[in-house]
Amino acid sequence: MLRALEYGLENPSDVESPFTNVPVDETIGIIMELVYRNPEMRPPNIPEDSLRTLLDICTKRAPFTIHRGQMYRQKDGVAMGSPLGVLFANFYMGEVEERVFSQYRWPRTYRHYIDDIFVQADSEDEVEALRQQFMHHRALNFTVEYSSNDRLPFLDVLVTKTNQKLRTLDFV
């Protein structure tokens, strides 16, 4: 979800169905690159081919049943409820962010949690330009919604802007 503050108003957006839309093969490649070729971290004690195969099996080859016992397999994306959904979404969104911000300037404030993003921007045009940058990635669709009265729900808190400062309040 892309959330932005512009002209003192919050402006949110949403990544639609991030788990089921994450491209599995591309994300497995991202995971392998970051886990096995990261100079700041030792690779896990499992061969790369084995981890790649396990991730592939757990996402694309795991059958599931629905109504009347019919068997299906997830072709792409991660099945809803899979413990790998958050992992894949985070790795993929991290890669998307790297690509976007290597070519586009960072907004004043940028925070995200899985598919929820909070951005503080100077204008609606800046928010739209950033949304368009994210939209270049085929697997994701970002939507935007605007706040009212300098208030915006983000995750489980209400963000308000008063006297040019952001405050958060827990939802009741």
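The values are calculated or read from the model by the stated rules, or taken from the named source; none is laboratory data. It should be emphasised that the depicted structure is a prediction, and the values quoted were computed from it without experimental measurement. Neighbour counts run over all protein chains shown; Cβ positions are idealised from the backbone, glycine included. Quick note on the areas: whole protein, heavy atoms, side chains included, nothing else; ligands and nucleic acids left out. Shrake-Rupley method; radii C 1.70, N 1.55, O 1.52, S 1.80 Å.
Taking each residue as 0.36 nm, the span from VAL157 to CYS58 lengthens on full extension beyond its C-alpha to C-alpha distance by 32.3 nm.
In this label model, LEU87 and ASP122 are separated by 4.2 nm, measuring between points 7 Å along each Cα→Cβ vector. Checking the cross-link filter: which lysines have an alpha carbon closer than 22 Å to that of LYS75, excluding same-chain neighbours under 8 positions apart? Output for LYS75: LYS60.
Rounded to the nearest percent, how much of the accessible area of region 70-122 (1.4 Å probe, protein heavy atoms only) is carbon and sulfur?
52 percent
Taking all protein chains as they are arranged and a probe of 1.4 Å, the heavy atoms of LYS60 leave approximately 50 Å² accessible to solvent. A DSSP coil position with no more than 14 other Cβ atoms inside 10 Å describes the following chymotrypsin sites (Phe, Trp or Tyr not before Pro) in region 32-125: TYR104.
Given R₀ = 30 Å, FRET efficiency for ARG37-ALA129 by Cβ-Cβ distance, to 0.05? Once rounded, the FRET efficiency stands at 0.40. Accessible surface of HIS136, taken over heavy atoms with a 1.4 Å probe and every protein chain present, rounds to 140 Å². Note: relative contact order over region 34-172, using C-alpha pairs below 8 Å and six or more positions apart, is 10 percent. Here's how it looks for GLY77: its modeled amide H is under 5 Å from those of VAL24, which are all 5 or more places away or on a different chain.
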